[in-house]
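Peer 1: Sharing a structure here in structure tokens format.
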Amino acid sequence: MSRLKEQWHAEQAQWASRPLAELEVVYLWVDGVYVKAGLEKEKAAVLVVLAALSDGRKALIALVPGHRESTEGWSDVLRDLRARGLQAPTLVIGDGHLGIWAGLRNVYPTAKEQRCWNHRIVNALDKVPKTRQAHARLQLTQIPYAATQQDAERLKAGYQHWCRQQGLEAAAQVLDRDWERMITFYQFPKAHWGHLRTSNPIESPFAALRLRTDAAKRFKKVSNATAVIWKMLLVAQQRFRRLHAPELMKEVYHGAEYVNGVRVQERAWEVAA
């Protein structure tokens, strides 16, 4: 096992320094996955970056152990990707942690930002008494599946009206925080919305790994646990499904604009030119 770990560490180090300039990255999912390894007292955040490429494939491009999801931590991860040639993604999807968004502005300020709806719904339900959560969940889950941004805003207003009728002002206000970052996905192809609403593309592989083995607890150091997780994710990556409508990825990569999931037609004078 010791020799195997040494081999994996060497392979991971080579993988973590490989050039990325040839990758045509359209979307990035980012997340901090917390692990507790052996004798270490505090859980450490493994900062994970998964890319959606212009051919529709998903590829793991960063897996970095850190102590927490700080602005500095995420900035370091993104700066390293940029130093190895990674061009700015079109959209980055992540949870509500402020560290990633501040880090993103430091390194890739042109990238658009989408917050994970699963995390936001959980945050909203925390403000609702358990006896009313079923009704609240029903309303909340309808919002990100609305056909247009305008419909989503109407459903949001309806939910907030219900909250205020119930005397749940704090619950009503949850959706106002960072709302613009919640609805960015409407600026991209409708066929991709299911991939862009949440950080599930990262969370799902980790959930599958935990069902097989809690690798992090087998080692005394987070670096050893990270090497095992990295190796398992590379194997799992071979089975990652491509994005729906992969033929649209090139359009997004080259800057095509969308409104409510529909591509904006080029202006007549541009076509004529």
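Peer 1: Restricting to segment 81-105, and then to whatever is in contact (Cβ under 8 Å) with a residue 40 or more places away in the chain and of a type in the set (D, E, K, R), can you tell me which residue is nearest to VAL48 (Cα to Cα)?
Peer 2: Per the criteria, the residue is ASP95.
Peer 1: Just to be sure I understand, how many residues within segment 224-273 are assigned to a helix (DSSP H, G or I), of a type in the set (A, V, I, L, M, F, W, C) and at pLDDT below 95?
Peer 2: Of segment 224-273, the ones assigned to a helix (DSSP H, G or I) are 224-237, 246-253, 268-272.
Next, only the ones that are of a type in the set (A, V, I, L, M, F, W, C) stay: 225, 227-230, 232-236, 248-249, 252, 268-269, 271-272.
Then drop every residue that is not at pLDDT below 95, which leaves 225, 227-230, 232-236, 268-269, 271-272.
The number of residues fulfilling the criteria is 14.
Peer 1: Looking only at segment 59-84, count how many residues are under 15 Å from the mean Cα position of the chain (by Cα) and either among the β-branched types (Val, Ile, Thr) or surrounded by fewer than 20 Cβ atoms within 10 Å (Cβ to Cβ) (or both). Give the derivation first.
Peer 2: Restricting attention to segment 59-84, the residues satisfying the condition of being under 15 Å from the mean Cα position of the chain (by Cα) are 59-63, 69, 74, 77-78.
Still in the list and also either among the β-branched types (Val, Ile, Thr) or surrounded by fewer than 20 Cβ atoms within 10 Å (Cβ to Cβ) (or both): 59-61, 77.
Residues that pass the stated criteria total 4.
Peer 1: Tell me, yes or no, whether segment 173-190 has at least one residue that is β-branched (Val, Ile, Thr), closer than 25 Å to HIS97 by Cα and at pLDDT below 95.
Peer 2: Within segment 173-190, the subset β-branched (Val, Ile, Thr) is 174, 183-184.
The next check asks that each one be closer than 25 Å to HIS97 by Cα; those that pass are 174, 183-184.
Keeping just the survivors that are at pLDDT below 95 gives none.
Checking segment 173-190: not a single residue is β-branched (Val, Ile, Thr), closer than 25 Å to HIS97 by Cα and at pLDDT below 95.
Peer 1: Further question on the same structure: For segment 121-145, which positions are surrounded by fewer than 19 Cβ atoms within 10 Å (Cβ to Cβ) and small (Gly, Ala, Ser)? It would help to see each step written out before you state the result.
Peer 2: Just the residues of segment 121-145 that are surrounded by fewer than 19 Cβ atoms within 10 Å (Cβ to Cβ), to begin with: 122-123, 125-127, 129-135, 137-139, 141-142, 145.
Correct list: ALA134 only.
Peer 1: Also, quick follow-up: Of the residues that sit in segment 210-223 and are surrounded by fewer than 19 Cβ atoms within 10 Å (Cβ to Cβ) and part of a helix (DSSP H, G or I), which one is modelled with the highest pLDDT? Steps first, please.
Peer 2: So in segment 210-223, the residues surrounded by fewer than 19 Cβ atoms within 10 Å (Cβ to Cβ) come out as 210-214, 217-218, 220-221, 223.
With part of a helix (DSSP H, G or I) added as a condition, the list becomes 210-212, 217-218, 223.
Values: ARG210: 57, LEU211: 48, ARG212: 50, LYS217: 54, ARG218: 54, SER223: 69.
Looking at the filtered set, the residue picked out is SER223.
Peer 1: Can you find a residue in segment 83-95 that is modelled with pLDDT of 95 or more and part of a helix (DSSP H, G or I)?
Peer 2: yes
Peer 1: VAL46 - would you say it is within 26 Å of ALA13 (Cβ to Cβ), in contact (Cβ under 8 Å) with a residue 12 or more places away in the chain and in contact with a strand residue (DSSP E or B) (Cβ under 6 Å, 6 or more places away or on another chain)? Can you show your working first?
Peer 2: Numbers: within 26 Å of ALA13 (Cβ to Cβ): yes; in contact (Cβ under 8 Å) with a residue 12 or more places away in the chain: yes; in contact with a strand residue (DSSP E or B) (Cβ under 6 Å, 6 or more places away or on another chain): yes.
For VAL46, the condition - within 26 Å of ALA13 (Cβ to Cβ), in contact (Cβ under 8 Å) with a residue 12 or more places away in the chain and in contact with a strand residue (DSSP E or B) (Cβ under 6 Å, 6 or more places away or on another chain) - is met.
Peer 1: With (1) over 23 Å from GLN87 (Cα atoms); (2) surrounded by 15 or more Cβ atoms within 10 Å (Cβ to Cβ); (3) of a type in the set (Ser, Thr, Tyr) as the list, and TYR108 as the residue in question, which single condition is left unmet?
Peer 2: (1)
Peer 1: I'm checking my understanding of the structure. Among residues of segment 1-48 that are charged (D, E, K, R) and modelled with pLDDT under 80, which one is farthest from ARG79 (Cα to Cα)?
Peer 2: Taking segment 1-48 as the starting set, the residues that turn out to be charged (D, E, K, R) are 3, 5-6, 11, 18, 22, 24, 31, 36, 40-43.
Within this subset, residues satisfying the condition of being modelled with pLDDT under 80 are 3, 5-6, 36, 40-43.
Working: ARG3: 32, LYS5: 27, GLU6: 27, LYS36: 26, GLU40: 28, LYS41: 29, GLU42: 26, LYS43: 24 Å.
So the residue we want is ARG3.
Peer 1: Run LYS112 past the list (1) out of contact with any strand residue (DSSP E or B) (no Cβ under 9 Å at 6 or more places or on another chain); (2) modelled with pLDDT of 95 or more and report the number of the one that doesn't hold.
Peer 2: (1)
The values are calculated or read from the model by the stated rules, or taken from the named source; none is laboratory data. Since the structure is predicted, the reported quantities are computational estimates derived from the model, not experimental observations. Neighbour counts run over all protein chains shown; Cβ positions are idealised from the backbone, glycine included.
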